[in-house]
1. Residues being within 11 Å of chain A (Cβ to nearest Cβ), crowded, with 18+ Cβ neighbours inside 10 Å and either more than 22 Å from residue B:39 (Cα to Cα) or of a type in the set (Phe, Trp, Tyr) (or both): count how many of those fall in the stretch B:212-235.
2. Taking into account only those residues within the stretch A:173-198 that are β-branched (Val, Ile, Thr) and in contact with an Asp or Glu (Cβ under 8 Å, 6 or more places away or on another chain), which is nearest to residue A:152 (Cα to Cα)?
3. Keeping to the stretch B:157-171, report how many residues are outside any helix (DSSP H, G or I) and either basic (Lys, Arg) or more than 8 Å from chain A (Cβ to nearest Cβ) (or both).
4. For the stretch A:27-46, check the following and say yes or no: at least one residue is within 12 Å of chain B (Cβ to nearest Cβ), surrounded by 19 or more Cβ atoms within 10 Å (Cβ to Cβ) and out of contact with any Gly (no Cβ under 6 Å at 6 or more places or on another chain).
5. Go through A:62, A:20, A:24, A:90 for me and flag whichever is under 21 Å from residue A:212 (Cβ atoms) and surrounded by 23 or more Cβ atoms within 10 Å (Cβ to Cβ).
6. Condition (residue is outside the structural domain of residue A:37 (by TED's automatic domain parsing) and at pLDDT below 90) applied to the stretch A:136-146: is it met by at least one residue?
7. Within the stretch A:16-48, which residues are over 25 Å from residue A:182 (Cβ atoms) and in contact with a helix residue (DSSP H, G or I) (Cβ under 8 Å, 6 or more places away or on another chain)?
8. Conditions first: (1) within 10 Å of another protein chain (Cβ to nearest Cβ); (2) in contact (Cβ under 8 Å) with a residue 24 or more places away in the chain. Residue A:58 passes all but one, so which condition is the exception?
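The values are calculated or read from the model by the stated rules, or taken from the named source; none is laboratory data. The structure presented is a predicted model; accordingly, all values stated were derived computationally and were not measured. Cβ placement follows ideal geometry from the backbone for every residue including glycine, while neighbour counts extend to all protein chains displayed.
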Amino acid sequence: MAEARIAIENADLGYPARPVLRAVSLAVRPGEFVAVLGANGSGKTTLLRSLLGFLPALAGRVERAPGLRIGYVPQRETLDDRYPLSGEDVALLGTYGDLPFWRRVSSRARSRARLALEACGAREFARRRYAQLSGGQRQRILIARALATEPSVLLLDEPTAGVDQASEAAILDALADLRRDRGLAVWMVTHHEEAVRGRVDRVARVADAAVTLEERP
Amino acid sequence: MIDFLSSDFLFRNAILGGWIVCVLCAVLGVYVVLRRLVLLGVALPQAGAAGIALVFFATGHSHGDPGQAHALALGGSLAATFAALGVLVLAGRTSTQPVEWRIGGILAIAMAATLLFVALSPTGDLEMTSLLRGELLAISDRDLALLACVASAIAVVFALFRRELLLVSFDPEFARTIGRDPMRWDLVLYLLLGAAISIGVMTAGPMVVFAFLVLPGLAALRLGRSMGMTFAVAAAIATVSSVGGFALSYHADLPAGPVYVMIAAGIWVAVSIAMRALRGA
């Protein structure tokens with residue numbers, strides 16, 4: 001646990017009536033890029049939700065570093081594109097956690113969102129309406145929103161699903177840069193094992209109610 | 001202008017009361033549309049109407065009575081609206097069924113209860129018509145002041161917590177990760193809706209309340225480029241529909257509520273056609 005941002009020790013994870021993963025032990029370490037792989041229904045999302053703190057451990061321990069901030073990037077299909085928001089508006093949502101309700105959005109918060117957009121290569125299309133952006137562009141906006149929370153851990157749920165190969169490569173490169181430049185721990189659920197090979201430090205393979213970690217695939 | 005703001009003007013309270021209800025419902029209605037709560041927008045006003053009908057049946061008053069009857073109507077509307085909301089929220093904590101099923105059940109019960117209480121009421125059909133149309137013309141100075149106070153309180157809370165309401169509506173899971181509990185903020189939105197619907201039903205009737213929870217929001221979402229602009233457009237549509245609707249209903253000797261609704265619906269249809277044409281051009 002010494003340097004781990006999140007440590008899970010011998011934990012059963014899932015729902016009270018339906019444990020999904022058994023005896024999980026792992027550490028989310030700073031500056032590490034990890035791909036979470038597994039078949040549909042294997043428990044990848046359960047692992048992610050447990051790391052986020054949405055699902056308490058049914059047994060065992062889950063420990064988080066004090067003051068830990070997690071930047072979360074959901075599957076973009078879960079978001080409704082009828083909202084009249086620009087990419088910049090969406091990125092700005094990432095700063096709201098630090099804004100008391102009586103305060104206006106400060107110029108500092110706006111510049112935090114702009115820097116996050118820049119880090120994801122999303123500045124040029126950020127003023128366009130979110131609904132009108134391509135899948136890859138939306139994904140970059142959502143990563144920027146997560147970065148705007150100033151996290152030390154970034155958790156992403158299938159960020160490259162449904163985007164073309166060029167966008168996928170660009171997103172993975174951007175994540176690798178963020179990991180390197182900011183020392184972020186990046187854990188990413190994906191189905192695309194080939195695409196992440198050579199880019200990630202470890203693979204967390206989820207199968208048969210267990211999580212197995214493989215070093216440098 | 002503004003003769004109609006003068007206290008001597010016979011219809012001042014009716015115009016201002018209708019305008020306040022329409023604008024309030026239109027602004028909150030943007031979230032009703034975005035969050036696909038349209039069925040809730042029908043069920044809660046109907047529950048409010050059932051509450052009013054129950055109170056009048058139990059006390060022997062009628063909806064058109066002045067004075068104490070309006071306070072009773074507000075009490076009935078508030079109690080029934082929040083009872084329906086309470087059932088939805090409490091049942092939602094333990095039930096795995098879709099929330100639409102429960103809303104549908106509440107709507108059916110509220111519709112039947114309204115009809116039954118009205119049928120049992122001594123004033124019968126007259127009461128029914130009055131209840132459904134609302135009693136804009138019967139708004140007293142005291143009612144108007146109460147309506148303005150409640151609407152102001154709702155507007156202040158809505159403005160103060162606009163960021164939280166947007167966060168939990170757009171992406172509740174992300175909101176959780178930055179320390180904003182979606183259940184708590186959903187409750188705030190429901191409380192605002194409940195208060196607006198209760199006082200709106202008492203003033204303008206369930207049909208106007210439901211229509212303005214939906215129609216201005218539908219049109220505004222076609223036109224708005226930001227959330228702020230969308231709320232402003234919805235409020236503008238509600239203003240045109242209610243103030244223009246009152247003038248039209250007065251000159252044509254028609255009931256005000258349905259005219260308000262038809263103007264708002266006309267704007268929505270016109271905006272939809274125009275936007276479709278622009279997109280095709």
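1. 4
2. Applying the filter and picking the extreme gives A:186.
3. Final tally of qualifying residues: 0.
4. So the first thing to find is which residues in the stretch A:27-46 are within 12 Å of chain B (Cβ to nearest Cβ), and the list is A:45.
Subset that is surrounded by 19 or more Cβ atoms within 10 Å (Cβ to Cβ): A:45.
Going one step further and asking which of them are out of contact with any Gly (no Cβ under 6 Å at 6 or more places or on another chain), we end up with A:45.
There is at least one residue in the stretch A:27-46 that is within 12 Å of chain B (Cβ to nearest Cβ), surrounded by 19 or more Cβ atoms within 10 Å (Cβ to Cβ) and out of contact with any Gly (no Cβ under 6 Å at 6 or more places or on another chain).
5. The match here is A:24.
6. Looking through the stretch A:136-146, at least one residue is outside the structural domain of residue A:37 (by TED's automatic domain parsing) and at pLDDT below 90.
7. Within the stretch A:16-48, the subset over 25 Å from residue A:182 (Cβ atoms) is A:16-25, A:38-43, A:45-46.
Answer for the stretch A:16-48, where residues must be over 25 Å from residue A:182 (Cβ atoms) and in contact with a helix residue (DSSP H, G or I) (Cβ under 8 Å, 6 or more places away or on another chain): A:20, A:21, A:24, A:38.
8. (1)
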